[in-house]
1. (1) farther than 30 Å from residue 136 by Cβ; (2) touching a helix residue (DSSP H, G or I) at 6+ places or on another chain (Cβ under 8 Å): which one isn't true of residue 113, the others all being true?
2. Please count how many residues of the range 89-100 are surrounded by fewer than 17 Cβ atoms within 10 Å (Cβ to Cβ) and not in a loop (DSSP other than H, G, I, E, B).
3. Of the residues 132, 137, 141, 127, which is in contact (Cβ under 8 Å) with a residue 60 or more places away in the chain and surrounded by fewer than 19 Cβ atoms within 10 Å (Cβ to Cβ)?
4. Identify, from the list 121, 129, the residue that is part of a helix (DSSP H, G or I), within 13 Å of the chain's Cα centre (by Cα) and within 23 Å of residue 39 (Cβ to Cβ).
5. Within the range 78-88, track down each residue that is in a helix (DSSP H, G or I), surrounded by fewer than 20 Cβ atoms within 10 Å (Cβ to Cβ) and in contact with a helix residue (DSSP H, G or I) (Cβ under 9 Å, 6 or more places away or on another chain).
6. Return the pairs, sorted by first residue and then second, in which the second residue is surrounded by fewer than 17 Cβ atoms within 10 Å (Cβ to Cβ) and assigned to a helix (DSSP H, G or I), the first residue lies in the range 71-94 and is at negative phi, the beta carbons are less than 8 Å apart, and the residues are 6+ apart or on different chains.
7. Among the residues of the range 38-61, is any at pLDDT 95 or above and on the phi > 0 side of the Ramachandran plot?
8. Test residue 82 against the stated conditions and say whether it is closer than 14 Å to residue 26 by Cα, at pLDDT 95 or above and under 13 Å from the mean Cα position of the chain (by Cα).
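The values are calculated or read from the model by the stated rules, or taken from the named source; none is laboratory data. Predicted, not measured: the structure shown is a model, and the values here were computed from it. So basically every Cβ, Gly included, is an ideal-geometry build from the backbone, and we count neighbours across all protein chains shown.
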């Protein structure tokens, strides 16, 4: 049997992608992204320039080759779970991040033209820890 990348198959045939999505919780998606970044922690990744000053629609479409988001998009597990592209807006939707949360991970104003993969992963780990802390508090208060 010969194996081909999806992109290669789409050139010669119509490839349907209506298969069921792999369901991953928000925490699992964020953990997977952090793990991918941690595989090459010294890698320099592109930031997005001045996301906070872009109109909402333009901000959502922003992307850069070699960004932390593109690392996530290259992963077949995250794509199977529903990550559709490597844009800022798609990362917000898929990882269920606020504009402020994603801005802290990927904006030029925090890191300059590039951010290390380790630093991006660190910020993701902080989000995960905060989410888990709130979940524990909620369960203690509500039961």
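1. If we test residue 113 against (1) farther than 30 Å from residue 136 by Cβ; (2) touching a helix residue (DSSP H, G or I) at 6+ places or on another chain (Cβ under 8 Å), just (2) comes out false.
2. Number satisfying all stated conditions: 3.
3. Every option except 132 fails the conditions.
4. On inspection, the qualifying residue turns out to be 121.
5. 79
6. Once the first residue is at negative phi and sits in the range 71-94, its partners that are surrounded by fewer than 17 Cβ atoms within 10 Å (Cβ to Cβ) and assigned to a helix (DSSP H, G or I) give 87/61; 88/61; 89/61; 92/99.
7. No, that holds for no residue.
8. So residue 82 passes the test.
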